[in-house]
Structures are given as structure tokens and as C-alpha cells.
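Following: one structure in C-alpha cells, then a few remarks.
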Amino acid sequence: MGIFSNIYDEGTLRKIEFLRRIRLFEGISKKSLIHVLESLQERTYLKGETIFAEGDIGRALFIDFSGKITLTKLNPETGKAEPLAEVAPGEFFGEMALLEEMPRSAGAAAAEETQVFMLFKTKLESLLFSYPRIGVVIASQLARILSARLRARTEKASASD
Amino acid sequence: MLDKNFKTLAQFLLPALLVLAGLYLAVQAGGAVFPLILSAALAYLLNPMVRYFEVRGIKRLYAVVGLYAAAGAALAAVVYLLVLFLSFEMESLRETWPLYARQLEAFVLGLNAKMVTSYPMLSGLNLPEKMNRLLAAGPAFILGLLPMLSLLFLVPFITFFVLLGGSGIIDYILDHIPARHSEIVLHVTSRIDESLGNYLRGILTEAFVIFLIAFTGLVLMGINYASAIAIIIGFSSLVPYLGAFVGAALASVVAYFQFGTFLAVFKVLAFFAGIRFFDDWFLQPYIMKRAVKLNPAVIVFALMAGWELGGIWGVVFSIPVTCIIKETLAIAIELQETEFQWKPAPEPTRISIPYT
């Protein structure tokens, strides 16, 4: 048992368990999540570090693994970045980057030391090619999430009219 | 304003000086850097295997040690089998070599005599003397390769530590650049890794499949030295288009001297033409589907440039380096289009249709 715990990295198991709870990967088996983890890039941001600025070209989807992230929007009148939302562990943002490389509509900064997983478009394409079942699940979840966010925005816009 | 510009310049000064010093050291160290480059390339090829175990929960150290143990055992088995096969063939070559050498000499002398009779101006070519010089240069060439054997021990040793380090160098660089640029740096490295990795894994698989087909075919045709020829074909297949041509040339010569008829040569040529078509129509479209596409003209240019710059190792590294250059250029053009918006992105559909 001692030798096994020496060889085995408990952190990996924690990461797989974490990915199971992410809505984007809902419906993917635990075994297949290994391939998803293989495609993700890990990165740690220190408190106050800018993850990306508003207007930067988006290239990856970010999944918050630990720590809080603040999304900000520039106020054109004051020229200052104002908080828009706070992202907690288990939540993700920047999913539009997986579909098209367009300027980010908001900025993101680490509110505390934060660990994120990044999914790049090339890696998603690679998953779609090598493991179509996983790719299809992610693509359909992505479409559902985008549709829900678009609906919420449209309803908010019609309510304010 | 001037002060701000100076500060901006000053922060790049130290990294630029360090890079220049590193390049100077690499140029001065010359041959000593070479095993390091080879080790880095080997580590890059082996890394997906280590990563395979890492994402399944095995600590990197144990994954690397396990990989080395498994690779060592596999290598020992392959070397044993090769020695077994090759020793028979080498023994037979040693016995039959004087006969083959006489046949070869007679063939070249006969050909030379015919050519000189028909076309007297060809006597200037002096083929017999050239052939003797070529045969005499053979052992010297083989002896010249002996120092490379030290690489067989040095490269795996350095590779072990490079593999243990993992992506440490990239992480270190990312930790020392503004955090905002991490996304673009990782985007560029993952793009290059994706296409280069696919190319390298593809070409290794292709070379192995061609080796297996060539070995089986040559054994079935009863050609002597089938395993030695198949190994040379396998290695030369790492250079695009070369494998089948080298195989056809070598096996034709052996077939001619073994059977003494052009029918045997024709069979060998037909077999290797079959391999070439199978490679072009079935293997490459499947294996190299997601790799960088390189134009044959670019490949030939890259191989020639590689030979000029670094001899045989220049040829080996020419195609991977060309892949990196091509992908970097493609990314640079894309960056110009997205970052500086040279041209508007095409709309996937008429976006004025309202959301329903």
C-alpha cells in the first residue's frame, strides 16, 4: 500500500473527480475524462494577475479549478474596468474562443491565487478527431450552454426595452 | 515619455543578452550541443508516452523509469533478433562476397567496354577506377560512423533527465512573462506541438509499416539479406519518398546477382512500386491526416538545405524543422489577420436573422 501511494499521484484522481462535475463534460465517462485531462493545459495565476484583457483575441476556454476570478468590463465613460461577475471553482468562461477567434467581450483577472485548466481550439479539434464520442458530447454541451446564455441575454434585452 | 520608453527597452535587455550569450555558447561548444539537441528531440518523441501514464495517476518519475525499463527490455529483444537474423546474413555475405565482388567487377567492366565501344567519348568516365575507389572508401565510411556509437549511450542518459524535467522550461518562461500573454504563448506552442507531433508520430509509424511490408515481401520472394535490406528501407523511409527508392535499388542489385535474370529485378521493382502506391494511397492519407502538409518540392529543398547545413543529421532534422517553420508562418499570418484585423472574418450565416 505504501509503495502504491508513492507511485500513484492522488492529485490526478482529484482532477478527474473535479472534471466530472463540470457541466461541459457532463455525459463523458470517468475513463474517457482521462483523454479530456490529457488535452487540458494547467496554469496558476497569482492574485491580481491579468488572465486576459477585454479586446484580446480569445483562444482558450478557462475552467476555474481553485481560487476566484473576477470578470471585468471597461466603462467607456470613466475608462475604468468595472467588475461584471465572479467565477468560482467549477465554473468556466471564454467558451466563444472554442468557436471563433474574436476579441474578448470582457477582461479576467485572478482575485486570489488561482489554478485554471485551459482548453484550446486545436485540442478540442484533436479530441473530435481522435475520440469523436467525447468531442460530440463537448460540442453539444457547448451548443446548449451558448444557447442558454444567448436566450438569457435576449430575454434581458427585451425586458429592458 | 522618454523615461517610460527606456524602462520598456531596459526590461527586455537582460533576457535578450541571456539569449545572445546562450547562442554564442551553443556556437562555440559546437559538437557538445549536438547530443543535447538529439536528446531534446528524443524526449519530445517519448513525452506522450510518459504523459499517457501521468494522466492515469502515475507520478512522472515512476512513469519515466518504467518507460526506460520497458524500452530497454524491448530494445534488448529487438537487438537479439536482429543479431540473430543479421549474423546469418553477414556470415553468408562474408562467404559469397568474393563471388559477388567478381560478378560486380565483371558487370561494370563489361558495361564499360560496351559503352566505350559504342560511345568513345564515355571512356573519360573511367568507370572501373571509380568503382574501385568506391569499394575502397566503404570500410573508411563505416569506421567514420563508429564515434557516433557513443551517442547511443549519451543520448538516452541526457534524455532521461530532460524527460524528468517535463514542461519545466516552458513553465519557467511563462512564469517570467506578463500573465496576460500566457494564453497566446500556449496557443502557439500547442499548435506547433499538434502538427509537429502528428508528423513525427506519423512518419515513424509509416517507416515501421514499410519495414514490415518490405521484410515480409523480400522473405517471400526469397531475396538474400532480406532483414538487412528491410532495416535500411525502414530507416530511409524516415526521409519522405526515399524508402521505396532505396529499397528498390538495393533489392534489385541483390536480386540480379542472386538470380542472374532481369525477371527477378522486374519482380522486385514491381513490388516496390506497389509499396510506393500503397504508401501514397492508403498509409499517408490515414496516418498523416492531421500532420503538416508539405509540398514535395519543399521537402526536396529542405533535404538539400539540411545536407548543406548539417550533413546526414541535417537531413534527419530538416523535415521537422521545416514543419516548425511552416506552422510558425501559418500562425504569424493568422495573428496578423486576427490581432490586426487585416481582413474581416466571414460570417457563418446571416446574423441579422433574429434569435428564435
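None of the figures in this text is laboratory data; all of them are computed from the coordinates on show. Since the model is a prediction, treat every value here as computed from it, not as a measurement. Glycine also receives a Cβ, built like all others from the backbone with ideal geometry; neighbour counts cover every protein chain displayed.
Quick notes on this one:
- Within chain A, helix-based [θ] at 222 nm, where runs of 4 or more DSSP H residues each add -39,500 (n - 2.57), nearest 500: -12500 deg cm²/dmol
- Between amide H atoms placed 1.01 Å from N, distances below 5 Å from A:Glu49 occur with A:Ala110, all of them 5 or more places distant or on a separate chain.
- Annotation: amide H-H contacts under 5 Å for A:Ile57 (H modelled 1.01 Å from N, sequence separation of 5 or more, or interchain): A:Arg104.
- Dipole magnitude of segment A:78-125, debye to nearest 20 (Cβ charges: Lys/Arg +1, Asp/Glu -1, about Cα centre): 140
- Ordered by the count of other Cβ atoms within 10 Å of each Cβ, fewest first, B:Met221, A:Met118 give B:Met221, A:Met118.
- Full-stretch length increase - A:Lys31, A:Ser66 - with 0.36 nm per residue and alpha-carbon distance subtracted: 10.3 nm
- Net +/- balance of residues flanking A:Val116 in space, Cβ distance below 10 Å, scoring K and R +1, D and E -1: -1
- Between B:Phe161 and B:Ile324, the modelled label-to-label distance comes to 2.1 nm, taking each label 7 Å out from Cα in the direction of the beta carbon.
- Given charges at Cβ of Lys, Arg, Asp, Glu: segment B:195-314 dipole, positive-most of B:Gln284, B:Phe208, B:Ala264: B:Gln284
- Only one residue of B:Gly31, B:Val162, B:Ile231 has its Cα farthest out toward the positive end of the dipole of the protein assembly as shown, where Lys and Arg carry +1 and Asp and Glu -1 on Cβ, and that residue is B:Ile231.
- Here the mean projected area of the convex hull built on the C-alpha positions of segment A:21-161 is 9.1 nm².
- Sequence ranges B:46-58, B:161-173, ranked by mean other-Cβ count within 10 angstrom, highest first: B:46-58, B:161-173
- The protein assembly as shown, dipole about Cα centre (Lys/Arg Cβ +1, Asp/Glu Cβ -1), debye to the nearest 20: 720
- Descending principal axes extents, the protein assembly as shown, alpha-carbon based, whole Å: 99, 62, 53
- Environment charge of A:Leu98, counting only residues whose C-beta is closer than 11 Å and scoring Lys/Arg +1, Asp/Glu -1: -1
- Computed label-point distance, nm, for sites A:Lys156 and B:Leu204 using a 7 Å Cα→Cβ extension: 4.9
- Summarising the label geometry, the points placed 7 Å from Cα in the beta-carbon direction at B:Ala10 and B:Glu129 lie 7.1 nm from one another.
- Spherically averaged projected area of the convex hull of Cα atoms, segment B:149-191: 4.0 nm².
- Crossing angle, helix A:10-20 versus chain A [Cα axis fit, 0-90 degrees, rounded to tens]: 50
- Ordering A:Ala97, B:Leu196, A:Leu127 by Cα displacement along the dipole of the protein assembly as shown toward the positive end leaves A:Leu127 in first place; charges were set at the Cβ atoms of Lys, Arg (+1) and Asp, Glu (-1).
- What you get for segment A:31-80, charging only the Cβ of Lys and Arg (+1) and of Asp and Glu (-1), is a dipole of about 120 debye around the Cα centre.
- Taking a point 7 Å from the Cα of B:Leu99 along the Cα-to-Cβ direction, the residues of segment B:257-287 with backbone N closer than 12 Å to it are B:257-260.
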